Amino acid sequence: MTALTPSGPNAAGVHWDLSLICSDVAAAQQLLNETIAAAEAFDATYRGTVATLDATALAAALAELAEISNALHRVRSYVGLRRSVDVNDDEARDFETVVDQGMVRAGNALRFFDLEWIAVDDAVAQPLIDAPELAANRHHLSSERRFRPHVLPDDQERMLSEREPVVSAWQNLFAQTVSNIRAPFDDGTGETEKTVDELLSYVHTTNRPVRLAALETLYVALEPHGDVLSTCYDSIVADRLTMDRLRGYDSPIAPRHLSNELEPSWVDAMMEAIESRYGMAQRWFTKKAELMGLEKLHLADQYAPLGEGRAMPYVEACGIVEDAFGRFSPEILRVSKSVFDEQRVDAEPRQGKRGGAFCASVAQDAQPFIMLNHTDTLRDLMTVAHELGHGMHFALSSERQTALSMHAPLALCEVPSTFAELLVFDRMLAEEPDAATRMALIRQELESGFATVFRQTMMVRYEQDAYGARSEGQALTKDRLAEFWIARNKAYYGDSMELPEGYRRGWSYIPHFINTRFYTYAYAFAHLASLTLYALYREDGDAFVGPYLDFLATGGSKSPGEQLGAFGIDLADAATWGKGLDEMERMLELALEG
Ligand SMILES: [Zn+2]
């Protein structure tokens, strides 16, 4: 039995032991002080010299940098994790301010290194990248330089960075406006003021009138802010287009592709393949309406539960996940068990704890920690699998990679978590005795797949419309954005969904558009990549396991194309995406049977 087995049937008492990261605030403070001093010493030693370092000296500098990075991540994680389980932890709150300041100081001392490295001539850099002394950080060194053609001379870069506070001001205005929105709403327990997120969370409730009313309340609450939110977006898009012109990017999505290390043609082919299968979602929404006894599904019913499935108490959920993992590989079972055995999970929902779930990698010389809010639902079971999937990725990559190369590229981050869910999904379909639970799980996974693959792709198309219009000199007014938004949504939902009038403002509160343009296709990419890997696992059986463990251990030391190429997945081949989409279709057929 694991050390974490709670005394009750649920997750009561399952708290993590953060002393594995830092023993207390005093120790974390001391580590922070030492690390800032190390960062400043690094600055004094290396500033102005990067172009002159030979392979041995550069390897030594990177090793120092990795050590500093590990220590900073350790301190940052310690305080962040403490805050996440207790927002009223005053000691942690005070220390967080100190850590924030310390991170800025360390960042200022270290920033020169990457900039100098990017500026080194190719003729000097390439032999270093190829040098055996630098093999552990080869991909890190070469991939940092991919932005080189778009970096401007030093004095111009400085001028551009001086205007950044103005851009942040628009982002802050957006964030403040959305987070300050409150609307009175009665979910049946009495009227209270609700935030945007609170109103959105009602889409999962079984009570249909409450779902419909919550969405309507949200749109009414958003309406008066339409001009401010569209102006924030318009200003940010205009700035980005100007920056792109100065930096010589040929399209507004190009910086994102470059950052993701993906060829534009690969992503184009993926999105076209996804769009060609929108009909799958429409078939499901039509069936769902029928199951609910409705003529047509309303947007508020999109994620409505169709039957609950049985309860998944924490201990049982962990047991199911471990069983599924153990069948795949004893290695990932070992890694997952250690999370429980070493008390690196906090599962009990309680007052003052943040909502949701996440896995924190902490640092390359530490082990990952997992936060859950386990309330015994089927969704919680999959969340345990999901976060442990991230955990095994971090744990295995940190064993083989450096602090600078352990983190997978964004497009692959959600692959191990989704794959872990698929392992548990298949185990449940094979072993779960309760048919209603199996069906609830199938539908839950199907709908979350549609949201991830289809809806996130639809959002990218909306962004493309917006950037296209703005680059032709059209201001992004709330009505123009509404037009793009509704058109793209109609393309996705077809006639299968009733979109309420207020959904015209559905674009207005989504932070990705404001903070990181074209972010969302990475979700679709990762989801389809996991489904494709899972299809390969079904075909190849045990022969798949070794390469998959290698993939987990690769972390960020290779590009997505290389990592998936190792499985024979060719991202340049448009047909590649069919495999993952066929997996979704397989799930759809199961869901339609019920
Ligand atoms: Zn995740």
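List of remarks:
- Residues within segment 225-256 that are over 22 Å from Arg158 (Cβ atoms) and of a type outside the set (Ser, Thr, Tyr), tallied: 13
- Of Ala366, Ala357, Ala324, Ala347, all but one fail to be of a type in the set (A, V, I, L, M, F, W, C) and within 15 Å of the ligand (Cβ to nearest atom); the exception is Ala357.
- One residue stands out among those in segment 17-66 that are over 29 Å from the mean Cα position of the chain (by Cα), of a type in the set (S, T, N, Q) and under 23 Å from Pro368 (Cα atoms): the one that is surrounded by the most Cβ atoms within 10 Å (Cβ to Cβ), which is Gln29.
- Residue check: Glu463 meets all listed conditions (1) within 16 Å of the ligand (Cβ to nearest atom); (2) under 27 Å from Phe518 (Cβ atoms) but one, namely (1).
- Filtering Glu583, Glu589, Glu539 for residues that are within 29 Å of Met458 (Cβ to Cβ) and surrounded by fewer than 17 Cβ atoms within 10 Å (Cβ to Cβ) leaves a single hit, Glu589.
- Residues in segment 295-328 that are modelled with pLDDT of 95 or more, within 17 Å of Arg443 (Cβ to Cβ) and among the acidic types (Asp, Glu): Asp301 only.
- Exactly one residue out of Leu388, Leu378, Leu410 is within 13 Å of the ligand (Cβ to nearest atom) and at pLDDT below 95: that is Leu410.
- Every pair of residues 6+ apart whose Cβ atoms lie under 6 Å, when the first sits in segment 306-332 and is touching a residue at least 40 places away in the same chain (Cβ under 8 Å) while the second is part of a helix (DSSP H, G or I) and among the small types (Gly, Ala, Ser): Gly307/Ala436; Gly307/Ala440; Gly309/Ala440; Val321/Ala385; Phe325/Ser336
- Scan of segment 319-330 for residues that are among the aromatic types (Phe, Trp, Tyr) and surrounded by 24 or more Cβ atoms within 10 Å (Cβ to Cβ), ordered by number: Phe325
- Checking Asp187 against (1) surrounded by 14 or more Cβ atoms within 10 Å (Cβ to Cβ); (2) under 24 Å from the mean Cα position of the chain (by Cα); (3) farther than 28 Å from Thr49 by Cα; (4) acidic (Asp, Glu), the condition it does not meet: (2)
- Top-ranked residue in segment 231-254 [being polar (S, T, N, Q) and over 25 Å from the mean Cα position of the chain (by Cα); ranked as nearest to Ser168 (Cα to Cα)]: Ser235
- Among the candidates Leu429, Leu499, Leu422, Leu476, the residue that is touching a Gly at 6+ places or on another chain (Cβ under 9 Å), modelled with pLDDT of 95 or more and hydrophobic (A, V, I, L, M, F, W, C) is uniquely Leu499.
- Helices (runs of 4 or more DSSP H) enclosed by segment 456-538 - at least 1 residues per element that are among the basic types (Lys, Arg): 456-471, 478-493
- Lys579 meets all of the listed conditions (1) at positive phi; (2) part of a helix (DSSP H, G or I) but one, namely (1).
Residues checked against (1) touching a helix residue (DSSP H, G or I) at 6+ places or on another chain (Cβ under 9 Å); (2) closer than 22 Å to Leu592 by Cα; (3) crowded, with 19+ Cβ neighbours inside 10 Å:
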| position | (1), (2), (3) |
| --- | --- |
| Leu422 | yes, yes, yes |
| Glu432 | yes, yes, no |
| Ala436 | no, yes, no |
| Ser448 | yes, yes, no |
| Tyr462 | yes, no, yes |
| Ala466 | yes, no, yes |
| Ala475 | yes, no, no |
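- Residue among Ala71, Ala57 that is within 30 Å of Gly355 (Cβ to Cβ) and either in contact with a Lys or Arg (Cβ under 7 Å, 6 or more places away or on another chain) or not in a loop (DSSP other than H, G, I, E, B) (or both): Ala71
- His393 surrounded by fewer than 24 Cβ atoms within 10 Å (Cβ to Cβ) and within 16 Å of the ligand (Cβ to nearest atom): no
- Qualifying residues in segment 396-407 (those that are surrounded by fewer than 23 Cβ atoms within 10 Å (Cβ to Cβ) and hydrophobic (A, V, I, L, M, F, W, C)) - the one nearest to the ligand (Cβ to nearest atom): Leu396
- Against the conditions (1) touching a Pro at 6+ places or on another chain (Cβ under 8 Å); (2) more than 16 Å from the ligand (Cβ to nearest atom), Met428 satisfies every one except (1).
- Checked against (1) in a helix (DSSP H, G or I); (2) in the same structural domain as Arg208 (by TED's automatic domain parsing); (3) surrounded by fewer than 18 Cβ atoms within 10 Å (Cβ to Cβ), Glu316 passes all but condition (2).
The values are calculated or read from the model by the stated rules, or taken from the named source; none is laboratory data. None of these values were measured; they are calculated from a predicted model. Cβ atoms come from the backbone with ideal geometry, glycine included; neighbour counts cover every protein chain shown.
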